[in-house]
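Written out below as structure tokens is the structure these notes cover.
The values are calculated or read from the model by the stated rules, or taken from the named source; none is laboratory data. Being a predicted model, the structure only gives us computed values, none of them experimental. Please note: Cβ atoms are built from the backbone with ideal geometry, for glycine as well, and neighbour counts cover all protein chains shown. Note: accessible area is taken over every heavy atom of the protein model, side chains too, but ligands, DNA and RNA are not part of it. Shrake-Rupley method; radii C 1.70, N 1.55, O 1.52, S 1.80 Å.
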Amino acid sequence: MSLLARAAAIVGAFDDRDPVLSLAELSRRTGLPKSSVHRIVAELVALRVLERQDAGPSGEGYRLGMWLFERGELVPAHRTLSEAALPIMEDLREVTRQRIHLAVLEGVDVVYVEILGSSGADVASRTGGRFPAHATGVGKAILAYSPAATVRARIDAGLPRLTPRTITTPGGLTRELRKIRSVGMAMDLEESHVGVSCVAAPVFGADRKVRAGLSVTGPTKAVDPGTLGPAVRTAAFTLSRVLRESGL
């Protein structure tokens, strides 16, 4: 591995569940020798890509630094998508009084690029966070309109169970995606979080290809597909039109 590839592996080792990692854990997750990890981490700290953080009983640890956040805010594709989406998301939040997600597919996971509002429930989603696409409403909405190779990549990567209701079989996912295409929207019925559900719809770019997923999320008892479905589909259609007219 090149030095750049090793540095990228170290940065990629962090996730939502473990935002602070020790050198030993970074070595284990990347498969790199601890001496190499120590040297590269020291350089990444000097560049503000990583920051030192007390890891508790395990001693000193590291977390992602502000430099990455600052650079991430400059990524043009997501920033442009967010800028186009925010007024529509604000209207959707005002109408539904629920939490609004905008996510894109990156590899086989969804990455949340904008989140507005509170769901009134314990939801772990955050801007910049990622979830397996098969276990979320926005992810399934995107997969339903993605090439077969994209769906196959998610299946080949595994369909981990996040809750007792997560779809975990290729056949089950295939049937679910077929259903989504027939109705134009996706449901997450406590598949990513127990007690939380959502209604999602696909967003298309100027090239007519699926670009993102837009969802309304809340406590299961407050998520009525008959009411929220038309609202999120209308919002997704409006955003698709804005992207098409803007050539995005």
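Here are some notes:
- Entry remark, region 53-70: residues being farther than 11 Å from Leu21 by Cα, modelled with pLDDT under 80 and open to solvent by less than 80 Å² (accessible area, probe 1.4 Å) number 1 in total.
- Total residues in region 191-213 satisfying the condition of being open to solvent by less than 30 Å² (accessible area, probe 1.4 Å), closer than 23 Å to Arg244 by Cβ and among the small types (Gly, Ala, Ser): the figure is 5.
- Single match in Arg97, Arg175 (criterion: on the phi > 0 side of the Ramachandran plot and not hydroxyl-bearing (Ser, Thr, Tyr)): Arg97
- Matching entry among Pro170, Pro147, Pro164, Pro132 (being open to solvent by 20 Å² or more (accessible area, probe 1.4 Å) and closer than 17 Å to Thr217 by Cα): Pro132
- So Arg152, is it basic (Lys, Arg), open to solvent by 10 Å² or more (accessible area, probe 1.4 Å), in contact with a strand residue (DSSP E or B) (Cβ under 7 Å, 6 or more places away or on another chain) and not in a loop (DSSP other than H, G, I, E, B): no
Residues are listed down the side, and each one gets a yes or a no for (1) out of contact with any strand residue (DSSP E or B) (no Cβ under 9 Å at 6 or more places or on another chain); (2) open to solvent by less than 30 Å² (accessible area, probe 1.4 Å); (3) part of a helix (DSSP H, G or I):
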| residue | (1), (2), (3) |
| --- | --- |
| Val11 | no, no, yes |
| Pro19 | no, no, no |
| Ala24 | yes, no, yes |
| Val45 | no, yes, yes |
| Glu51 | no, no, no |
| Arg79 | no, no, yes |
